[in-house]
Amino acid sequence: MKTKDYIRFQEYLPISLDGMYSGNKTVLNNLDENIKRIIMQEYPITLNTLKQRLREALNVGKISQKALDIILESITKQGFSKTDNLYDFALWPQNSAFEVNVLRINSDRQIYDIPYQEMALLVNYLNLSGEELYRAILKYFGYEVLTKKALVYLEFVEAKIKTIS
């Protein structure tokens, strides 16, 4: 199984919630550009991870529903492709093949923020199932506790892999 370090986007253009809410053209253009740059560097990327990056750019602890609506509008306007990832969706450029042939490691992503197509590489490599698989995945990423949310996601991953195999 091939792995590589996860390289996260960090060079944000200036944006603000006030500018987003008021429809400030410069701020909205910067938001579009930030979203594009983040997705282009980190794809496939879940919406949750994208929101985390935008929280950093906005210097806020939480993305409001109003801000999320503006973000989703930008994603749609720019034509990014989406695929279901249980708790949210994974994003990638529309004209790019959604092929995942390397597992990105050393990231700040939660287990459920790793798109199932990427997680499939590890699942196939480990060649385990059920609870034994879930514990091995947690250990691989340095987690010790199998939360209910992580358990539900790993069951989703295992079921998805069975349907694509």
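Protein-only accessible surface at a 1.4 angstrom probe places the residues Tyr43, Tyr12 in the order Tyr43, Tyr12, largest first.
Test of understanding: what is the full-extension gain from Met1 to Glu99, defined as 0.36 nm times their sequence separation minus their Cα-Cα distance?
33.8 nm
Here the chain is treated with +1 on each Lys and Arg Cβ and -1 on each Asp and Glu Cβ, and its dipole about the Cα centre works out to around 80 debye.
Considering only the Cα atoms of the chain, their convex hull presents on average a projected area of 9.8 nm². With the whole protein complex present, Leu126 retains an accessible surface near 40 Å², based on a 1.4 Å probe. Placing Thr163, Thr49, Thr147, Thr83 in order of accessible area, with the largest value first and a 1.4 Å probe, yields Thr163, Thr147, Thr83, Thr49. Largest accessible area first, the residues Lys77, Lys149 order themselves as Lys77, Lys149 under a 1.4 Å probe with ligands, DNA and RNA left out. When the label point is put 7 Å from the Cα of Glu131 along its Cα-to-beta-carbon vector, which residues of region 149-165 have a backbone N closer than 11 Å? Inside the label zone: nothing.
Note on Leu72: accessible area is roughly 50 Å² with a 1.4 Å probe, heavy atoms of protein only.
What is the percent carbon and sulfur in the accessible area of the chain, measuring with a 1.4 Å probe over the protein chains and ignoring ligands?
Its accessible area is 48 percent carbon and sulfur atoms.
Take the chain with all the other protein chains still there, run a 1.4 Å probe, and you get 54 Å² of accessible area per residue. Can you pull the accessible area of Phe141 for me, 1.4 Å probe, Å² to the nearest 10? Accessible surface of Phe141 is approximately 50 Å². Restricting attention to the chain, close to 65% of DSSP beta bridges with both partner residues there are antiparallel. Taking region 106-135 and a reference point 7 angstrom along Cα→Cβ of Glu155, the backbone N atoms nearer than 15 Å belong to 130-135.
As a ratio to 2.2 N^0.38 Å, the alpha-carbon radius of gyration for region 1-62 is 1.21.
Straightening the chain between Asn29 and Leu13 buys 4.8 nm, computed as 0.36 nm per residue apart minus the Cα-Cα spacing.
Modelled label positions at Gln65 and Ser22, each set 7 Å beyond Cα in the direction of Cβ, lie 2.5 nm from each other.
The values are calculated or read from the model by the stated rules, or taken from the named source; none is laboratory data. These figures come from a predicted structure and were not determined experimentally. Cβ sites come from the backbone with ideal geometry, for glycine too, and all protein chains shown count toward neighbours. What goes into the accessible areas is simple: the full protein's heavy atoms, side chains included, and nothing from ligands, DNA or RNA. Shrake-Rupley method; radii C 1.70, N 1.55, O 1.52, S 1.80 Å.
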